[in-house]
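Beneath this line is the structure, given in structure tokens, with notes to follow.
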Amino acid sequence: MKHLTISLALLFGLAAPSFAQSPETAEGTFLNGKGERIGTATLEQTPNGVLIAVDIEGLPAGEHGFHIHETGRCEPSTGFESAGGHYAPRGHQHGFQDAEGPHAGDMPNQFVQDDGVLRAEVVNRNVTLRSDTGTLFDEDGSALVVHAKSDDYTSQPSGKAGDRLACAVIEQS
């Protein structure tokens with residue numbers, strides 16, 4: 001009996017660290033079209049997707065499209081076109097209202113208050129920070145983008161969300 005107790009204690013003792021490991025995390029710094037730092041993003045892997053928290057200042061008030069883009073480059077000189085299209089590793093169509101959608105990088109519109117501040121938390125169930133299919137850390141990385149207009153959730157390829165106002169490269173932390 002004594003050996004069974006010791007064996008069970010060792011078994012559970014060795015198993016505990018895998019349950020207690022800290023979740024994968026990432027971060028990003030939002031830039032505006034002038035290349036100025038205007039906010040931050042933190043990303044945390046959860047059992048139900050990636051929790052994305054943003055805190056951005058200096059945006060126009062109103063509703064804005066918010067997406068993950070396929071390339072981890074945020075060059076203001078290109079209007080952030082350097083971030084590529086929406087992140088869609090599985091080839092889905094754009095939009096929550098499209099029968100073949102959404103892109104993995106599609107997320108709900110966000111609302112900026114009159115003071116120009118956007119503080120939001122979004123869970124994206126279609127991406128991961130892990131090395132599984134759909135990881136945001138593929139060979140060219142990925143970026144978060146805030147658009148000038150709201151996403152209509154149907155138009156291809158990007159929901160008519162307009163220009164890219166702010167961009168943050170997603171980096172492992």
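Percent of Cα-Cα pairs more than 26 Å apart in segment 19-165, please. It works out to 18 percent of all Cα pairs. For the pair T154 and T29, label points projected 7 Å from Cα toward Cβ lie 4.1 nm apart. 3J(HN,Hα) along segment 104-109, derived from phi through the Karplus expression 6.51 cos²θ - 1.76 cosθ + 1.60 where θ = phi - 60°, amounts to 4, x, 6, 9, x, 4 Hz, with x in place of Gly and Pro. Largest first and in whole Å, the equivalent-ellipsoid semi-axes of segment 88-171 read 21, 17, 11, each the square root of five times a Cα gyration tensor eigenvalue. Annotation: amide H-H contacts under 5 Å for F30 (H modelled 1.01 Å from N, sequence separation of 5 or more, or interchain): I38, G39, T40, A41.
Show the residues, 5+ positions off or on another chain, whose built amide H is closer than 5 Å to the amide H of G95. Those qualifying (amide H under 5 Å, at least 5 residues apart or on another chain) are H103.
Laboratory data are not the source of any read-out in this text; all were calculated from the coordinates shown. As the structure is a prediction and not an experimental result, all values here were calculated from the model. Cβ sites come from the backbone with ideal geometry, for glycine too, and all protein chains shown count toward neighbours.
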